[in-house]
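Peer 1: Attaching a single structure in structure tokens format; questions to follow.
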Amino acid sequence: MSRTFVRTSEQDPNLGTHRVPTDAELVGLKALAGMHSRLLNNLKEEIQQAKRAHEVLVAKYEQQIRELEGTQSMLHASKKTLEFMYNQCSALQVQTDRINGMVHPIRRYPPDLLQRIFQSIHDQEDESNRLHVTFELSHVCKWWRKVVHDSPRLWFKVNYAMHKNIHDIASFWDFVIPRMKAVPPVIVIKDFDSTKATVMAYCGLQRIPEIRRLEVTLILHNQLDHLRPLSLQLRGAKIKTLEITLRHKEPAPGTMSQTTWDVGLFLGTHTPSSELHLTAPCVLRLTPSDQFQLITILNLADVTQVDVSLLLSVLNRIHDLRLNNIRTVPVNGLPATSQSLHSLTLRTDVTRDIDNWLSVTSFPNLAEFHQYGRVFSHKHIAFLTAHKSIVLLDYEVAEEQQMVPHGTLGTPTSISHALCSRSRRCM
């Protein structure tokens, strides 16, 4: 049995026709209107209850906001009061420390005792920080400033990183140089850019009566010799010992950085120091110069190529030669001789170049020979045998090597033999 339903529209189609409802419809509509009225009254009552609850929450929220604002104001006032008390305490502490410092007995110590105290503080600091400590001591009071300024040893060592600002360079040295009195200073200049070599003139090192030691770390940018401009800036400076360390900036990938240092040109532009130290991965060129005669001590380190025989021929007054990790040019048969050489130091792991060079040397007045390396070959023994003038031998060899045979040296000799980590003295 099938059922069929009559579809009706969602909205009554007779609502807009002003049709008069029947009695049955009227009864139904009245019942529906009464139900709607009751529902509407209930809903209005619930709305009133929800409204009263909302008003209570709003009042509570506003009360809490007022309380929070009051708390914030109290917190701000408390913070201001606390800051004021801290500031007052700090100011009072500063005044108290100042008064205590003024009445402290150390303020009235005699200058010689203060100098000893300052010197002790100065010596305990790292060398790179000593000048800063000296500045701090000189700013305590006028009495201490006078004592510090009258203490030459406090201004003895100066470590300075070269700046690009010319005004800063000049003002620093204008302040420091007048305080370098009596004691020749040791000056260390770091991070010196080879392209800015002319800024060395603003240091005014020529104003210092005598410089005990000048150490310069020069940063090279290319393969050109930038030591000549540096030499021009040192003209007129009285330097006893000059130490130059060359460092290359990182070369471009696939390129080899190679610098040539012409010692002759370098010495020809200023009065050279009697003691010269050069640490650099460079080729050493020796252009003849009369200034070579003034060098008595020469220390070469990490040099990639040098003709030691030619070097000794131009250094006719050298008495102390130190060669550290260098490579010599091939021996061309010419003997390396020096009448003035008194001490020779060799420190290298590259033995072939040194062995070949030692085999053609002649130093009639050599008194000290220092050898530091991993091998002490038969050529070293032959060298010692040929130089009977040696009275002090200091050498380091591998543990498996034998001692220098007694009788190798012609006269009683003090021999320091470093055998790996152990050392002993033999006669």
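Peer 1: Here is a check on your reading of the model: is P111 without any contact (Cβ under 8 Å) to a residue 12 or more places away in the chain and closer than 30 Å to S151 by Cβ?
Peer 2: Judged against the criteria, P111 is not a match.
Peer 1: If you scan region 280-294, which residues turn out to be closer than 23 Å to H342 by Cβ and within 32 Å of the chain's Cα centre (by Cα)?
Peer 2: L284
Peer 1: Check whether at least one residue in region 186-200 is in a loop (DSSP other than H, G, I, E, B) and not polar (S, T, N, Q), and report yes or no.
Peer 2: So far as region 186-200 goes, no, none of its residues is in a loop (DSSP other than H, G, I, E, B) and not polar (S, T, N, Q).
Peer 1: While we're here: Please go through region 191-215 and give me each residue that is in contact with a strand residue (DSSP E or B) (Cβ under 8 Å, 6 or more places away or on another chain) and either loosely packed, with under 15 Cβ neighbours inside 10 Å or in the same structural domain as F135 (by TED's automatic domain parsing) (or both), ordered by number.
Peer 2: Once the filter is applied, which keeps residues that are in contact with a strand residue (DSSP E or B) (Cβ under 8 Å, 6 or more places away or on another chain) and either loosely packed, with under 15 Cβ neighbours inside 10 Å or in the same structural domain as F135 (by TED's automatic domain parsing) (or both), region 191-215 yields D191, E210.
Peer 1: Does any residue of region 89-98 turn out to be surrounded by 12 or more Cβ atoms within 10 Å (Cβ to Cβ) and in a helix (DSSP H, G or I)?
Peer 2: no
Peer 1: Given the criteria assigned to a loop (DSSP other than H, G, I, E, B), at pLDDT 80 or above, surrounded by fewer than 18 Cβ atoms within 10 Å (Cβ to Cβ) and assigned by TED's automatic domain parsing to the domain that holds I239, does P178 qualify?
Peer 2: Spelling it out, it is not the case that P178 is assigned to a loop (DSSP other than H, G, I, E, B), at pLDDT 80 or above, surrounded by fewer than 18 Cβ atoms within 10 Å (Cβ to Cβ) and assigned by TED's automatic domain parsing to the domain that holds I239.
Peer 1: If I go through region 113-126 residue by residue, how many of them are in a helix (DSSP H, G or I) and either β-branched (V, I, T) or loosely packed, with under 10 Cβ neighbours inside 10 Å (or both)?
Peer 2: 4
Peer 1: Something else now. Would you check if there is a residue in region 300-310 being surrounded by fewer than 20 Cβ atoms within 10 Å (Cβ to Cβ), aliphatic (A, V, I, L, M) and at pLDDT below 80?
Peer 2: Scanning region 300-310 turns up no residue that is surrounded by fewer than 20 Cβ atoms within 10 Å (Cβ to Cβ), aliphatic (A, V, I, L, M) and at pLDDT below 80.
Peer 1: Please give the number of the condition V331 fails out of (1) out of contact with any helix residue (DSSP H, G or I) (no Cβ under 6 Å at 6 or more places or on another chain); (2) assigned by TED's automatic domain parsing to the domain that holds E368; (3) at pLDDT below 80.
Peer 2: Of the numbered conditions (1) out of contact with any helix residue (DSSP H, G or I) (no Cβ under 6 Å at 6 or more places or on another chain); (2) assigned by TED's automatic domain parsing to the domain that holds E368; (3) at pLDDT below 80, the odd one out for V331 is (1).
Peer 1: Specify which of the listed residues (S313, S340) is modelled with pLDDT of 85 or more and either over 38 Å from the mean Cα position of the chain (by Cα) or within 23 Å of Q291 (Cα to Cα) (or both).
Peer 2: Sole residue among the options that is modelled with pLDDT of 85 or more and either over 38 Å from the mean Cα position of the chain (by Cα) or within 23 Å of Q291 (Cα to Cα) (or both): S340.
Peer 1: Also, quick follow-up: Looking only at residues in region 316-328 that are at pLDDT below 85 and more than 16 Å from Y372 (Cα to Cα), which one is surrounded by the most Cβ atoms within 10 Å (Cβ to Cβ)?
Peer 2: Restricting to residues being at pLDDT below 85 and more than 16 Å from Y372 (Cα to Cα), the top hit is T328.
Peer 1: Sticking with this one: Taking the condition of being part of a helix (DSSP H, G or I) and surrounded by fewer than 18 Cβ atoms within 10 Å (Cβ to Cβ), how many residues in region 152-166 meet it?
Peer 2: 3
The values are calculated or read from the model by the stated rules, or taken from the named source; none is laboratory data. Model, not experiment: these values are computed from the prediction. FYI the Cβ positions are ideal-geometry reconstructions off the backbone, even for glycines, and counts take in every protein chain you see.
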